[in-house]
1. Can you tell me, using C-alpha contacts under 8 Å and at least 6 residues apart, the relative contact order of the range 59-125 as a whole percent?
2. Which FRET efficiency value, to the nearest 0.05, do you get for I185 and K102 by plugging their Cβ-Cβ distance into 1/(1 + (r/R0)^6) with R0 = 41 Å?
3. Beta carbons within 10 angstrom, averaged per residue: use that to sort the peptides 93-103, 59-69, highest first.
4. Determine, for Y104, Y78, the number of other Cβ atoms within 10 Å of each Cβ, and report the residues in order from fewest to most.
5. Give, as a single signed number, the net charge of other residues whose beta carbon lies under 13 Å from the beta carbon of K85, with Lys and Arg counted +1 and Asp and Glu -1.
Amino acid sequence: MAGNYLFEDEFKDNKTIIIDNEDVIVQNDGLSLLNTGKSDSSKADLCQDITSSNVPESLEELEMQIDRLKRRWGEFTYLIGQRLKYINDNKLYKEKGYRDFKTYSNIALKMSENNSYYYIAVYEYFTEEQTRKAGSKLKLIIPILNKIKKEKESSEEYKIAKIKDVRDELFLKVFNKTYREAEKIISDVRRKFFTDMDKIVNFKRIVVTKEKVIVNESDKDIQKQLVALIEEFYK
């Protein structure tokens, strides 16, 4: 039901109530509705037709979806990032004559480059559920994940596993906290992390998956211990 409706109860006292932000008229012979003038345009756009499993291919439709999602960006950061990444990866901005993604973001989307890459980072690092639960607090975690991603000595496989491990651990620390509380928690972590990451007990130097054990190439001491353990096992 759309618009406002008047409610007249069975006692005909002309009492008006609001049900789910809509007015309803109830008559003795049943339920009837009478629109009092509000148009469908007054309905909030909940973006229910936009999902992570259905990303349009056309730039025009992507832009329309991003514009709608931006109005409720706190809820749909993940979906905005997904669509921005699709545009950037496929260089769709060139269809409108823009030479790079930065210029396209600033002019066509009226969005700063930093904001665009923030949305993309949220999509790349976090799950849709984590994004809904933690909201803007996730941007506090991104610099730490970026540091892991840029580690030159680590293999890609190791970095991917480590990012997931750290991401999940920090998410659990902050998702149910206020922004100020989360800021303090992550600030303490970052201070230690950027000083010497390996000294933090919570950041494991070994990543264990269902199929394998991943060790950083620079951790020769751990590699030797694992080899010795395996040799001992097969003696």
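1. In percent, rounded to a whole number, it is 37.
2. Once the sixth-power term is evaluated, E becomes 0.80.
3. So the order, starting with the most tightly packed, is 59-69, 93-103.
4. Listing Y104, Y78 from fewest to most nearby Cβ atoms yields Y78, Y104.
5. Net local charge, K85 excluded: 0.
No lab work stands behind these numbers, since they all come straight from the coordinates. Keep in mind it's a predicted model, so treat the numbers as computed, not measured. Positions of Cβ are generated from backbone atoms using ideal geometry, with glycine treated the same way; all protein chains shown enter the neighbour counts.
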